Amino acid sequence: MCTGTTDSLLDLSGKVAIVTGGSSGIGYGTAELLALKGAVSVILDIDEDNGRAAVESISKMGGKAEFIRCNVTSEADCRAAVEKIEEHHGRIDVLFNNAGVIRRKTVESLEENEWDMVIDVTLKGAFLLSKYTVPVMAKNGGGSIVNTGSGWGLKGGNKAVSYCAAKGGIVNMTRAMAIDHGPQGIRVNSVSPGDIDTPLLHDEAKQLGEDDAAFMEEAADRPLNRVGIPRDVANAVLFFASPMSAWVTGTNLTVDGGGLA
């Protein structure tokens, strides 16, 4: 049973957390928060410039962060990254499978290589990092895996067929992993954001050929009357990563300002 103050239940001191897609957006916001709560945030991304800038920014705030260049669609990269982290730190306590991309197209207009890219970055990437992280967590008595789903992993969305497929897969993959790895002390949950003010969301407007300001105004049309920010999702990830959720696994938390209500 976990007891203690709120601060102690959210304390990640001595923990090591992997954050994929951590150079910007939700990934960066989460890497920052986990580091400020005491973890070492290891950012995995293909964007070296922004990844190293993220580490520098977190360090200036007093947090601990590291960057490893990793293409999450590459088994060799994922295996090497996990091996490097284990060699350096001896443990991995949190894995936030967050890397993802979106292509706003219907099944008719989507190219095969675009389908493959969205599925591979989002779904295959979560599989590969989990594949190599789970044994490390199990050796150390357990850990927490958090996967980034989406509101569109729970319902359909227009001109986003590959994204909806990938995120729907993430949500159900989470449940399956929770069943498999609970006996190893590993909890697996997902967060499903609504529209979050990130470079990815602004890129959607560009892909659709829509005015950015009008697109963002439409995205804010939900009960809480605003677009989300990365910290909104990071707070949910912190809950799942921390002892506060010690008896929570196989669940999905929607973080969307009421968009699916």
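Every test in (1) of a type outside the set (A, V, I, L, M); (2) farther than 22 Å from residue 193 by Cβ; (3) in a loop (DSSP other than H, G, I, E, B) is passed by residue 23 save one, and that test is (2). Summed over the stretch 135-166, the residues that are closer than 23 Å to residue 87 by Cβ and crowded, with 22+ Cβ neighbours inside 10 Å give a count of 4. The set of residues in the stretch 127-184 being part of a helix (DSSP H, G or I) and of a type in the set (D, E, K, R) consists of 131, 139, 167, 175, 180.
The residue pairs whose first member lies in the stretch 35-48 and is free of Cβ contacts under 8 Å to residues at least 24 places away in the same chain, whose second member is not basic (Lys, Arg), and whose beta carbons are closer than 9 Å, counting only pairs six or more residues apart or on different chains, are 48/23; 48/67. In the stretch 187-219, the qualifying residues are those that are free of Cβ contacts under 8 Å to residues at least 60 places away in the same chain and closer than 19 Å to residue 153 by Cα, and the one that is farthest from the chain's Cα centre (by Cα) is 219. The residues listed here are 120, 195, 212; of these, the one that is surrounded by 14 or more Cβ atoms within 10 Å (Cβ to Cβ), farther than 27 Å from residue 80 by Cα and at pLDDT 95 or above is 195.
Residues are listed down the side, and each one gets a yes or a no for (1) at pLDDT 95 or above; (2) part of a helix (DSSP H, G or I); (3) within 27 Å of residue 164 (Cα to Cα); (4) over 20 Å from the mean Cα position of the chain (by Cα):
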| site | (1), (2), (3), (4) |
| --- | --- |
| 14 | yes, no, no, yes |
| 35 | yes, yes, no, no |
| 43 | yes, no, yes, no |
| 62 | yes, no, no, yes |
| 102 | yes, no, yes, no |
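Residues of the stretch 249-258 that are surrounded by fewer than 21 Cβ atoms within 10 Å (Cβ to Cβ) and more than 11 Å from residue 190 (Cα to Cα): 258 alone. Residues in the stretch 206-231 that are part of a helix (DSSP H, G or I), within 16 Å of residue 25 (Cα to Cα) and of a type outside the set (A, V, I, L, M): 230, 231.
I need the full set of residues from the stretch 185-205 which are outside any strand (DSSP E or B) and farther than 12 Å from residue 102 by Cα, in order please.
Passing the criteria: 185, 194, 195, 197, 198.
The values are calculated or read from the model by the stated rules, or taken from the named source; none is laboratory data. Just so we're clear, the structure is a prediction, and the values are computed from it rather than from any experiment. FYI the Cβ positions are ideal-geometry reconstructions off the backbone, even for glycines, and counts take in every protein chain you see.
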